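The values are calculated or read from the model by the stated rules, or taken from the named source; none is laboratory data. Nothing here was measured: the structure is a model prediction, and the numbers come from that model. No Cβ is skipped: glycine too gets one built from the backbone with ideal geometry, and neighbour counts run over all protein chains shown.
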Amino acid sequence: MSAPPVTLRRLGPADLAPARALNALFGTAFAEPETYGAAPPDDAYLEGLLGREHIVVLVALAGEAVAGGLVAYELDKLERARREVYLYDLAVAQEHRRRGIATALITRLRAIAAERGAWAVFVQADHGDDPAIALYESLGTREEVLHYDIAVATAPR
């Protein structure tokens, strides 16, 4: 039995169910169910987020099921009148991997970024996540950087 065809769709304010399904997929794929499911946003917050032009939420649908998806954020730059797009989360359900879905999602994101006047899409990958690293290296140029999370709750005033 062959896999159902996949269609890509950018989510908007009315797409609460697929957005919630995408968060559940992220929780499973990243082995972080608490991060992506313990305190889900209410409908009003999610509708507002999905209505913002500078936030891109794309899903790959196999029938009605979310087979994969991504979330990206457009960042306006100070040094030049241009913007970048940060691909923050990307995942494909285990049973739908190795079908080109992640590449298709990134290709669609690149088109949206170009339409929005962005000059680059950037993404981070974790050491040891060899499939993600291989995908990103096939699409772009690798930079070696360090990433830091700086807590805001302990910031001096």
Number of the exception - SER2 against (1) under 21 Å from ARG99 (Cα atoms); (2) modelled with pLDDT of 95 or more; (3) among the hydroxyl-bearing types (Ser, Thr, Tyr): (2)
Given (1) surrounded by 15 or more Cβ atoms within 10 Å (Cβ to Cβ); (2) part of a strand (DSSP E or B), number of the condition ILE112 does not satisfy: (2)
Residue that is at pLDDT 95 or above and in contact with a helix residue (DSSP H, G or I) (Cβ under 7 Å, 6 or more places away or on another chain), where the choices are VAL85, VAL71, VAL121: VAL85
Answer residue from segment 119-128, given it is out of contact with any Leu (no Cβ under 9 Å at 6 or more places or on another chain) and either of a type in the set (A, V, I, L, M) or assigned to a strand (DSSP E or B) (or both) and is farthest from LEU90 (Cα to Cα) among those: TRP119
